[in-house]
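To start, the structure under review is shown below, and the notes come after it.
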Amino acid sequence: KSINVFAPATVANVACGFDIFGFAVDNPGDKITLTLREEPGVTITDIIGDDGRLPREAHRNTAGIAIQSYLQHIGRTDVGVDAVLYKQMPLGSGLGSSAASAVAGVFAINELLDRPLTTRQLIPFAMEGERIACGSAHADNVGPSLLGGFVVVRSYQPLDVIRIDTTANLFCTLVHPDIEVNTKDARFILKNEVSLKNTITQMGNVAGLIAGLMTPDYDLISRSLVDVIIEPVRAILIPEFNEAKQAALESGALGCSISGSGPSMFALSRDAETASRVGAAMQQAFLGVGITSEAYISEI
Ligand code: HSE
């Protein structure tokens with residue numbers, strides 16, 4: 001018995017919601033082919049598209065560890081799987097690459113075993129993939145990659161993941177400059193203390209963004225797509241960040257910030273045409289310093 005599963009890339013943080021906001025895009029994404037076998041254990045038989053950079057040992061691979069912890073949890077250590085992973089997005093990109101692999105793996109095994117768990121119940125196992133990928137089991141990529149749409153992680157302990165029924169019509173431009181940022185490093189440089197003033201500003205924007213998405217109120221969404229805590233620290237990891245952001249806003253985007261831990265940047269626009277124009281302007285900004293990039297447009 002065999003299955004092919006696609007899991008989408010995700011934009012985590014969405015400006016103001018560090019570790020608590022994320023949404024899924026249409027493309028890119030990762031694919032996995034999982035084949036059930038009688039011999040117990042998880043074997044990564046092949047990984048296509050990673051230039052040999054990802055660990056092949058199941059317990060060190062985000063998809064492998066997610067499947068292993070799932071099988072242990074449901075008490076099915078009697079069965080095993082062979083997995084072929086198709087990496088269809090760059091590593092260290094801020095597009096939720098490690099999350100997409102883990103999500104594809106855990107969703108696939110649950111289907112192969114005739115769904116002992118609901119999709120929502122799969123989140124903690126996919127989070128295990130994040131833990132080994134970057135040292136922190138954050139859910140703002142795996143949540144939306146599994147559930148689709150815009151997701152809020154209201155709490156980590158206990159885990160409380162909410163899917164927001166946004167009525168807003170939005171298009172996302174994702175631009176991935178051809179450089180790499182390691183999530184572990186991008187988390188390491190963050191400060192542990194946040195001023196009360198910045199906390200208040202950030203909480204206002206978090207509340208404003210959710211209200212704006214649900215109303216929908218596009219001006220409110222635009223005013224709320226602001227991050228005064230994480231972006232100012234991480235922007236230094238992305239050459240031409242300010243120029244690319246400025247270009248996006250001048251081209252009509254409602255807002256623009258870092259996608260996940262970067263270097264990818266995202267912008268939200270009201271229509272596909274603006275989203276394409278925004279993408280071209282951002283790519284041009286990167287080209288100004290000789291950095292080529294990939295742009296993806298999705299409706300969210
Ligand atoms: N919330 C995480 C971070 C996402 O910003 O570190 C990483 O993809």
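Derivation of every value follows stated rules applied to the coordinates shown; laboratory data play no part. Keep in mind that this is a model prediction, so the values were computed, not measured. Cβ: placed from backbone, ideal geometry, glycine included. Neighbour counts: every protein chain shown.
Note on residue 280/residue 169: beta-carbon distance plugged into 1/(1 + (r/R0)^6) with R0 of 22 Å gives a FRET efficiency of 0.55. Among 145, 101, 269, the largest mean-square fluctuation in a Gaussian network model of the chain (Cα springs under 10 Å) belongs to 269.
For q = 0.11, 0.17 Å⁻¹, what log10 I(q)/I(0) does the stretch 155-221 give under the Debye formula with an equal point scatterer on each alpha carbon and no solvent? For the stretch 155-221 at q = 0.11, 0.17 Å⁻¹, log10 I(q)/I(0) is -0.47, -1.06.
Take each peptide in 119-130, 185-196, 40-51, count the other Cβ atoms within 10 Å of every residue, and average; sorted highest first, the result is 119-130, 40-51, 185-196. Close amide H partners of residue 164, meaning residues 5 or more places away or on another chain with modelled amide H under 5 Å apart, are 150, 151, 152. The distance separating the Cα centre of the stretch 221-246 from that of the stretch 12-58 comes to 27 Å. Shape summary of the stretch 4-67, radius of gyration then Dmax from alpha carbon positions: 14.7, 47 Å. Please report the base-10 log of the normalised intensity I(q)/I(0) for the stretch 44-105, using a Debye sum with one equal scatterer per alpha carbon and no solvent, at each q in 0.22, 0.23 (1/Å). Results for the stretch 44-105 at q = 0.22, 0.23 Å⁻¹ read -0.87, -0.94.
Rg of the Cα atoms in the stretch 236-300, relative to 2.2 N^0.38 Å, amounts to 0.99.
For trypsin sites (Lys or Arg not before Pro), the sites in the stretch 22-57 that DSSP calls loop and that have at most 10 other Cβ atoms within 10 Å are 53.
For the stretch 231-257, backbone nitrogen atoms closer than 17 Å to the point 7 Å from residue 191 Cα along Cα-to-C-beta are found at 231-237. Take the Cα of residue 115, step 7 Å toward its Cβ, do the same at residue 57, and the gap between the two points is 3.6 nm. Provide the FRET efficiency to the nearest 0.05 for the residue 214-residue 19 pair, computing r from the beta carbons and using R0 = 35 Å. After rounding, the FRET efficiency stands at 0.95. Which entries in the list 31/191; 87/245; 1/184; 87/197 go over 30 Å, if you measure between the two C-alpha atoms of each? Beyond 30 Å: 31/191; 1/184; 87/197. Normalised by the number of residues in the stretch 74-167, the mean separation of alpha-carbon contacts (under 8 Å, six or more apart) gives a relative contact order of 20 percent.
Entry for the stretch 188-294 at q = 0.21, 0.22 Å⁻¹: log10 I(q)/I(0) = -1.15, -1.21, Debye formula applied to identical alpha-carbon scatterers, no solvent contribution. Calculated FRET efficiency, residue 50 and residue 272, Cβ-Cβ r, R0 30 Å, to nearest 0.05? My answer for the efficiency is 0.45. Translational diffusion of the stretch 26-166, estimated by Stokes-Einstein from the Kirkwood radius over alpha carbon pairs at 25 °C in a medium of 0.890 mPa s, is 164 µm² per second. Around the Cα centre of the chain, unit charges on the Cβ atoms of Lys, Arg, Asp and Glu (plus for the first two, minus for the last two) sum to a dipole of about 480 debye. According to the Cα-based calculation, Rg over Rh for the chain is 0.98, with Rh computed by the Kirkwood formula. For the pair residue 160 and residue 178 in one chain, pulling the backbone fully straight at 0.36 nm per residue adds 3.0 nm over the alpha carbon distance. Three principal axis extents describe the C-alpha atoms of the stretch 88-170; from largest down they are 34, 32, 28 Å. Across the stretch 141-241, C-alpha contacts under 8 Å between residues 6 or more apart give a mean separation that, scaled by the residue count, equals a relative contact order of 23 percent.
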